[in-house]
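The values are calculated or read from the model by the stated rules, or taken from the named source; none is laboratory data. In this text the structure is predicted, and so the values were computed from the model without any measurement. FYI the Cβ positions are ideal-geometry reconstructions off the backbone, even for glycines, and counts take in every protein chain you see.
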């Protein structure tokens, strides 16, 4: 009896061990061990009225670990100041540290080429995960289906951070197609020492178009007596891709919106009386009042900034970022210059200003991580976006930044105040084509005296409406 029981039990154990052994995967000694829960199996054998319970515990099961593929986020942007690039590099390093396996690869492109390069990469199907868009570009890129909405990826209260005017740039049909990024207002600068030299009150900049002309005539001088003007009253950049940055606020100051969206589409307002008035004032600064040199048509913001620093112009219109550049590079004029709101026209005060945009493209291979990176840039106190903007002496268009100590500084405060009277470019779908192909070259021709304000208005009106399919 004992031998019969033993043989049965022994046979069952052998059978169990063979079955269990066949279920185990081969494990290399060097493999990291991931242990499953231990399973205990019970076999019940009945022999001649007696019950024998045999238990068997299999060896632990070892599984291969799951290894996540590395994620690369491609990011094309137009950072132009080394200090800003340094902040961005630090932000990317911090994000990569917090997200092991993620790498952010940057491509830096120039502002003048950015729009066309973005279009080319989209058409070729090789767009980056994230692209920086200027001004009103998001409307055009949204219209062509190039952008990916972020509402499913962002924190529910994320958009509450921003000034409402900033969201106008990135929200379409109720969804957020990018985050407001570094931006600026375009302001008015004047040399207080040169004001004093001609008897003007250095604490009172011109407040109207009429005063700008009056002051400009006093400040336009032939200081050497050789018959050539070597100190101009005012300058504004009109070279390359910049003319409309400085003319658009003149249109707004005249009470003209540049273009309006109607039932038939976008329609130009250049030929309205207020449009003619704005074009005439711009033309007259060079050709009638002779207080601005014609050669501004070849000058960038930096060229005009240099003329201001070296006393070749007493007043200038320029981007807010010029404040930081002058402070850092021209200590010799410290205390001899100030900023102010741009002089008001017949339609009141207005300034050019907007945030740029960081957007995730519809071609992104890793949209969740891309949006996570964009939200990361706007978190913290100060946020990486705050630090980036401080490096450019520009604005992060958040409610907190508008109330920051930086925004209250003497040279910055008028530019921060201008956020409340700032206007973006029109969100018309073909505005960028109009701007580069017709508007900017036309403004340069106008300053050269190659056409009258009325002729310029008709040309702009016709080109804009044809591009938008609303020509009559």
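Residue pairs whose Cβ atoms lie under 7 Å apart, separated by 6 or more positions or on different chains, with the first residue in the range 189-208 and farther than 20 Å from residue 317 by Cβ and the second outside any helix (DSSP H, G or I), are 196/202. Would you tally the residues in the range 289-335 being over 21 Å from residue 389 (Cβ atoms) and assigned to a helix (DSSP H, G or I)? Residues flagged as over 21 Å from residue 389 (Cβ atoms) and assigned to a helix (DSSP H, G or I) within the range 289-335 amount to 14. Here the helices (runs of 4 or more DSSP H) wholly within the range 380-448 that include at least 2 residues being assigned by TED's automatic domain parsing to the domain that holds residue 133 and more than 30 Å from residue 467 (Cα to Cα) are 384-392, 399-402, 413-417.
Here the condition is being within 19 Å of the chain's Cα centre (by Cα) and either outside the structural domain of residue 377 (by TED's automatic domain parsing) or surrounded by 13 or more Cβ atoms within 10 Å (Cβ to Cβ) (or both); of 110, 145, 150, it holds for 150 alone.
Going by what's in this entry, would residue 303 be described as surrounded by fewer than 20 Cβ atoms within 10 Å (Cβ to Cβ), within 30 Å of the chain's Cα centre (by Cα) and farther than 23 Å from residue 452 by Cβ? Yes: the conditions hold for residue 303. Per this entry, residue 180 is not counted among residues that are within 35 Å of the chain's Cα centre (by Cα) and assigned to a loop (DSSP other than H, G, I, E, B).
The lone criterion from (1) touching a strand residue (DSSP E or B) at 6+ places or on another chain (Cβ under 9 Å); (2) without any contact (Cβ under 8 Å) to a residue 40 or more places away in the chain left unmet by residue 288 is number (1).
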